[in-house]
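Enquirer: Can you read through this structure? Questions will come right after.
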């Protein structure tokens, strides 16, 4: 076995150098054909006008002003992290990329320090929201420019809630449970994701955990704090909430499932970003009229929480002309450009700059205002611990989600918390 | 000499494009290697951590269950399919090609179709149960841990069966008068003919297709990734998806590589078995 | 025809019932795709109506797919990539399989092991080093990048499959040709390879299909919409966050697969004739 590997590596080197020579010739032709241009990599938006605005308005305007062509590369939602990783690892490809969650922290060493332009942009824009920094400031340096938050709210059917006598969305989780029991009896169950999607599971389970006063890890980012009475209360509640208001399939859901279930009128309440309301208004006007959005309920602690899902823009260190990329970033984030971009997305991306707190796009659809108001108590998974590698691993392994999911499927509270605590201790051992 | 001239170029090609990634992967698995950071050599620490990770063992069991049942079903079904399609019937070629459709259609897209067919709100089975008032909403194909695994196996078989069938078909004798007559004269029944004439002819092809099917199923990724991403609560996580989540989602390239390389020993055994079986002097 | 004499019941038992069952299992999802691709969204999401029937068919999804996305470009790219990768894989596969199946030489067992060992490299994770190679060759965003990398997934299986078929061709046929004075290469091209057409079709179908299906390498190496293949293009532009453009996705699935099946139907005609007929005659 070892000999095969050694043999392979020797031939390998020969072959690669031969191929490089050929590739060099082919590559030269390409490089000369494309002078000054930069690429911005972005997750494709479900709002077609949003991607189109960059391609048709922003990029041409910049090319006209500076002669630099900005290529806009779109990647599907499940693939963007893979693409970002490849670019960061190989040091080739897009100069600028959109990131989410704590990626500026993950890609830290491969990202340019943008503290200077973040200051400039922040001053011009009335200052940054405090929690924006949770995701982009790594060791005191800004590693990306916050763009917008994709908030997660309670999405519910106002008409069905009214039928069971609930006029405004419940203020606490327990009131929501009461409403859910009545609604399920009328064949309008709730549907919250408990499976392995990328966002809608964490989107309500972390806020639920927090609002019961429980924490995954202590503020120090090292001490596992999941084994607590508060967690037990949250898990007990979740099990009851699931069993009395939902149905089994939610345990296997991914992010698309609750959109599908809501729009096919299978469920009366879920936790999701604005996409449900947006598509409902476009394709299912009747449902659109009866869809309400509300902030997450309060827990026994009297607090309410939301998931922070910040989209940010980073510049990779392999960028040949860092200044040009920074210049573009500043230009892009100028209200003259970016306000229009926010606007076509109907406030789906909630800006992190205070100057937009009362921007006109918030009032186009008053039902979206809770997104703005939820910003103040939105946090990344793992909060109040600072972002860290073990934290990423915990999310990737769905430790908290599966703790709740297993309880919902019938395991005892003690058991699921012990499982999660053991897993987290292993994960945070290195911290 | 002639042999070496022939095998040389493809071997070089494979070494260049596979050898390097392979070594790189082994190196990764021995490092604490966060994404976009330099790694530190940690020896077998990642594998030790895997051994302490209950999800890793869950994933191991899942992968074996998934591979075992999917392969058995594809083998039996594929053989049946080949025998059925080996007969003479109208529009034979078109039907044979149509049967290949599940294999042809891009997996990511067909799996998206299965998302609906396995949704209790829309699956025909659930619709019928609801229609006749037998159950509401009926079985949860992806929500119950056992059913979710069964559903994935069904989708995998659906995808892999046609290629099995068509490959075995190519190894089958045509419904040639010579052969069946010869067998009939010998007084052999259909079953005997199958066991003593057909099966031995097919043996090498069955063997190869099965072995490769095991390899591909064992390392399957796309199907799970689109359908459940490993849920509910890891009930359908496989080596490849778990490794991917850790490496990409968690940014732990070293640990991800160690999970992926855990596939190596069982697969290596299979491949060694293949090499022994296929030695040229044996027939 | 002895089967006809056996009566209709026997034929139903041996052919139509199992064939029907296989066809339902295999093709039902395609029926579903077809139905979905012509359903308006209001019907697709309506779970009160029977999901298998379309009440108000529409071609909107097809029109949107063809006018609003680069689907035709992706199709052409996919076709090019699949043809080239298949050709490379078959040539390399034959170069490996013939010596391994026919000649005894030192190291043949080792080589056959090493070829299959290619699959020990877990693809979902180790695209990073491969991406590195591709970038060093300056092949990012070119179809060449996937034409070069797909054969790494295809050659080993093709080689092994061909080995299996090559073995089943009787050596005597070649020996006879050699005695008649043909050189080794002549024998291979004139006598041997034509007998293996079914094997090539089988390996070719495998290679062609896998290369038009592949997702991960295409995702990593092809980042611009005009060089993408169908799976990556469709997912990038029709799966938007948690909103899926179901109708267009299903239209893409059908348009991307049914024509290929029809093309295959011309090949399968030659499929069963060659090799086994020869093998049985001897």
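The values are calculated or read from the model by the stated rules, or taken from the named source; none is laboratory data. It should be emphasised that the depicted structure is a prediction, and the values quoted were computed from it without experimental measurement. Here the Cβ is made from the backbone with ideal geometry for all residues, glycine too, and neighbour counts use every protein chain on show.
Enquirer: Testing residue C:50 on (1) more than 7 Å from chain B (Cβ to nearest Cβ); (2) surrounded by fewer than 17 Cβ atoms within 10 Å (Cβ to Cβ), one condition comes back false. Which one is that?
Expert: Status for residue C:50: all satisfied but (1).
Enquirer: Of all the residues that make up segment A:119-167, how many are in contact (Cβ under 8 Å) with a residue 40 or more places away in the chain, surrounded by fewer than 16 Cβ atoms within 10 Å (Cβ to Cβ) and outside the structural domain of residue A:101 (by TED's automatic domain parsing)?
Expert: 1
Enquirer: Kindly evaluate residue B:61 against the criterion of being in a helix (DSSP H, G or I) and either within 11 Å of chain A (Cβ to nearest Cβ) or farther than 29 Å from residue A:401 by Cβ (or both). Don't jump to the end; show me each part of the working.
Expert: On the way: in a helix (DSSP H, G or I): yes; either within 11 Å of chain A (Cβ to nearest Cβ) or farther than 29 Å from residue A:401 by Cβ (or both): no.
Against the criterion (in a helix (DSSP H, G or I) and either within 11 Å of chain A (Cβ to nearest Cβ) or farther than 29 Å from residue A:401 by Cβ (or both)), residue B:61 does not qualify.
Enquirer: Same structure again: Exactly one condition in (1) farther than 26 Å from residue A:39 by Cβ; (2) within 9 Å of another protein chain (Cβ to nearest Cβ) is false for residue C:141; which is it?
Expert: Result: residue C:141 fails condition (1) only.
Enquirer: Of the conditions (1) modelled with pLDDT of 80 or more; (2) within 29 Å of residue B:265 (Cβ to Cβ); (3) outside any helix (DSSP H, G or I), residue C:149 clears all except one; give me its number.
Expert: (3)
Enquirer: Got at least one residue in segment C:78-97 being surrounded by fewer than 18 Cβ atoms within 10 Å (Cβ to Cβ) and within 26 Å of residue B:273 (Cβ to Cβ)?
Expert: No, segment C:78-97 contains no residue that is surrounded by fewer than 18 Cβ atoms within 10 Å (Cβ to Cβ) and within 26 Å of residue B:273 (Cβ to Cβ).
Enquirer: Still on this structure, I have one more. Filter segment A:339-366 down to residues that are surrounded by 18 or more Cβ atoms within 10 Å (Cβ to Cβ) and in contact (Cβ under 8 Å) with a residue 40 or more places away in the chain, then give me how many there are.
Expert: Number satisfying all stated conditions: 13.
Enquirer: Moving on. Say whether the condition of being outside the structural domain of residue A:129 (by TED's automatic domain parsing), touching a strand residue (DSSP E or B) at 6+ places or on another chain (Cβ under 9 Å) and surrounded by fewer than 23 Cβ atoms within 10 Å (Cβ to Cβ) is met by at least one residue in segment A:313-321. Spell out how you get there, then give the answer.
Expert: Taking segment A:313-321 first, the residues outside the structural domain of residue A:129 (by TED's automatic domain parsing) are none.
Looking through segment A:313-321, none of the residues is outside the structural domain of residue A:129 (by TED's automatic domain parsing), touching a strand residue (DSSP E or B) at 6+ places or on another chain (Cβ under 9 Å) and surrounded by fewer than 23 Cβ atoms within 10 Å (Cβ to Cβ).
Enquirer: From the list A:225, A:185, pick out the single residue that is in the same structural domain as residue A:302 (by TED's automatic domain parsing), out of contact with any helix residue (DSSP H, G or I) (no Cβ under 8 Å at 6 or more places or on another chain) and within 30 Å of residue A:104 (Cβ to Cβ). Spell out how you get there, then give the answer.
Expert: Numbers: A:185 fails: within 30 Å of residue A:104 (Cβ to Cβ).
Checking each option against the conditions leaves just A:225.
Enquirer: Next question, about the same structure. Collect the residues in segment B:82-106 that are within 7 Å of another protein chain (Cβ to nearest Cβ) and under 24 Å from residue B:217 (Cα atoms), keeping them in residue-number order.
Expert: Restricting attention to segment B:82-106, the residues satisfying the condition of being within 7 Å of another protein chain (Cβ to nearest Cβ) are B:84, B:87, B:89, B:93-94, B:96-106.
Answer for segment B:82-106, where residues must be within 7 Å of another protein chain (Cβ to nearest Cβ) and under 24 Å from residue B:217 (Cα atoms): B:96, B:97, B:98, B:99, B:100, B:101, B:102, B:103, B:104, B:105, B:106.
Enquirer: Can you tell me which residue is surrounded by the most Cβ atoms within 10 Å (Cβ to Cβ) among those in segment A:258-283 that are away from chain B (no Cβ under 13 Å), in contact with a strand residue (DSSP E or B) (Cβ under 9 Å, 6 or more places away or on another chain) and without any contact (Cβ under 8 Å) to a residue 60 or more places away in the chain?
Expert: Step by step, filter segment A:258-283, then rank; the result is A:280.
Enquirer: Answer yes if at least one residue in segment A:54-72 is facing chain C (nearest Cβ under 9 Å), under 28 Å from the mean Cα position of the chain (by Cα), under 30 Å from residue A:389 (Cα atoms) and modelled with pLDDT of 90 or more, and no otherwise.
Expert: First, the residues of segment A:54-72 that are facing chain C (nearest Cβ under 9 Å): A:71.
When the remaining residues are screened for being under 28 Å from the mean Cα position of the chain (by Cα), the result is A:71.
Adding the requirement that they be under 30 Å from residue A:389 (Cα atoms) leaves none.
Within segment A:54-72 (the criterion being facing chain C (nearest Cβ under 9 Å), under 28 Å from the mean Cα position of the chain (by Cα), under 30 Å from residue A:389 (Cα atoms) and modelled with pLDDT of 90 or more), the answer is no, since none of the residues qualifies.
Enquirer: Restricting to segment A:96-118, give me the number of residues that are in a loop (DSSP other than H, G, I, E, B) and either surrounded by fewer than 24 Cβ atoms within 10 Å (Cβ to Cβ) or at pLDDT 95 or above (or both). Spell out the reasoning first.
Expert: Of segment A:96-118, the ones in a loop (DSSP other than H, G, I, E, B) are A:100-102, A:107, A:112-114.
Then keep just the ones that are either surrounded by fewer than 24 Cβ atoms within 10 Å (Cβ to Cβ) or at pLDDT 95 or above (or both); that gives A:100, A:112-114.
The qualifying residues number 4.
Enquirer: Going by the structure shown, is residue A:386 within 23 Å of the chain's Cα centre (by Cα), more than 9 Å from chain B (Cβ to nearest Cβ) and assigned to a helix (DSSP H, G or I)? Full working, then the answer.
Expert: Values: within 23 Å of the chain's Cα centre (by Cα): yes; more than 9 Å from chain B (Cβ to nearest Cβ): yes; assigned to a helix (DSSP H, G or I): no.
Judged against the criteria, residue A:386 is not a match.
Enquirer: Just checking, does segment B:262-279 include any residue being more than 8 Å from every other protein chain (Cβ to nearest Cβ) and not in a helix (DSSP H, G or I)?
Expert: Looking through segment B:262-279, at least one residue is more than 8 Å from every other protein chain (Cβ to nearest Cβ) and not in a helix (DSSP H, G or I).
Enquirer: Being within 30 Å of residue C:196 (Cβ to Cβ), out of contact with any helix residue (DSSP H, G or I) (no Cβ under 8 Å at 6 or more places or on another chain) and part of a helix (DSSP H, G or I) narrows it down to one of C:87, C:12, C:82, so name that one.
Expert: Numbers: C:12 fails: within 30 Å of residue C:196 (Cβ to Cβ); C:82 fails: out of contact with any helix residue (DSSP H, G or I) (no Cβ under 8 Å at 6 or more places or on another chain).
It is C:87.
Enquirer: Right, another one. So how many residues does segment A:180-239 have that are within 14 Å of chain B (Cβ to nearest Cβ), under 24 Å from residue B:246 (Cα atoms) and part of a loop (DSSP other than H, G, I, E, B)?
Expert: Counting residues in segment A:180-239 that are within 14 Å of chain B (Cβ to nearest Cβ), under 24 Å from residue B:246 (Cα atoms) and part of a loop (DSSP other than H, G, I, E, B) gives 9.
Enquirer: For segment C:202-212, state whether one or more residues are closer than 30 Å to residue A:260 by Cα, outside the structural domain of residue C:42 (by TED's automatic domain parsing) and at pLDDT 85 or above.
Expert: Taking segment C:202-212 as the starting set, the residues that turn out to be closer than 30 Å to residue A:260 by Cα are C:212.
With outside the structural domain of residue C:42 (by TED's automatic domain parsing) added as a condition, the list becomes C:212.
When the remaining residues are screened for being at pLDDT 85 or above, the result is C:212.
Within segment C:202-212, one or more residues are closer than 30 Å to residue A:260 by Cα, outside the structural domain of residue C:42 (by TED's automatic domain parsing) and at pLDDT 85 or above.
Enquirer: Given C:114, C:177, C:101, which one is in contact with a helix residue (DSSP H, G or I) (Cβ under 8 Å, 6 or more places away or on another chain), in a helix (DSSP H, G or I), within 14 Å of chain A (Cβ to nearest Cβ) and modelled with pLDDT under 85?
Expert: Details: C:177 fails: within 14 Å of chain A (Cβ to nearest Cβ); C:101 fails: within 14 Å of chain A (Cβ to nearest Cβ).
Answer to the check: C:114.
Enquirer: Can you report the number of residues in segment B:128-150 which are within 9 Å of another protein chain (Cβ to nearest Cβ) and either over 19 Å from residue C:51 (Cα atoms) or touching a helix residue (DSSP H, G or I) at 6+ places or on another chain (Cβ under 7 Å) (or both)?
Expert: Total satisfying the criteria: 11.
Enquirer: Only one of C:130, C:154, C:161 is farther than 18 Å from residue B:9 by Cβ, within 18 Å of the chain's Cα centre (by Cα) and either more than 8 Å from every other protein chain (Cβ to nearest Cβ) or in a helix (DSSP H, G or I) (or both); which?
Expert: Details: C:130 fails: within 18 Å of the chain's Cα centre (by Cα); C:154 fails: farther than 18 Å from residue B:9 by Cβ.
Just one listed residue meets the conditions, C:161.
Enquirer: Then there's this: Any residue that is more than 9 Å from chain B (Cβ to nearest Cβ) and within 19 Å of residue A:176 (Cβ to Cβ) - is there at least one of those in segment A:250-257?
Expert: Checking segment A:250-257: not a single residue is more than 9 Å from chain B (Cβ to nearest Cβ) and within 19 Å of residue A:176 (Cβ to Cβ).
Enquirer: Please enumerate the residues belonging to segment B:87-127 that are crowded, with 19+ Cβ neighbours inside 10 Å and part of a loop (DSSP other than H, G, I, E, B).
Expert: Across segment B:87-127, the qualifying residues are B:99, B:100, B:105, B:106, B:118, B:119, B:120, B:121, B:122, B:123.
Enquirer: Look through C:215, C:221, C:189 and report the one residue that is buried (at least 24 other Cβ atoms within 10 Å of the Cβ) and assigned by TED's automatic domain parsing to the domain that holds residue C:159.
Expert: Numbers: C:215 fails: buried (at least 24 other Cβ atoms within 10 Å of the Cβ); C:189 fails: buried (at least 24 other Cβ atoms within 10 Å of the Cβ).
Criteria check complete, one pass: C:221.
Enquirer: Related question: Can you say whether residue B:63 is farther than 27 Å from residue C:254 by Cα and without any contact (Cβ under 8 Å) to a residue 12 or more places away in the chain, as far as the supplied structure shows?
Expert: Numbers: farther than 27 Å from residue C:254 by Cα: yes; without any contact (Cβ under 8 Å) to a residue 12 or more places away in the chain: no.
The answer is no for residue B:63.
Enquirer: Being within 14 Å of chain A (Cβ to nearest Cβ) and not in a helix (DSSP H, G or I) narrows it down to one residue among B:38, B:16; which is it? Walk me through how you get there before you give the answer.
Expert: Working: B:16 fails: not in a helix (DSSP H, G or I).
One residue alone meets the criteria, B:38.
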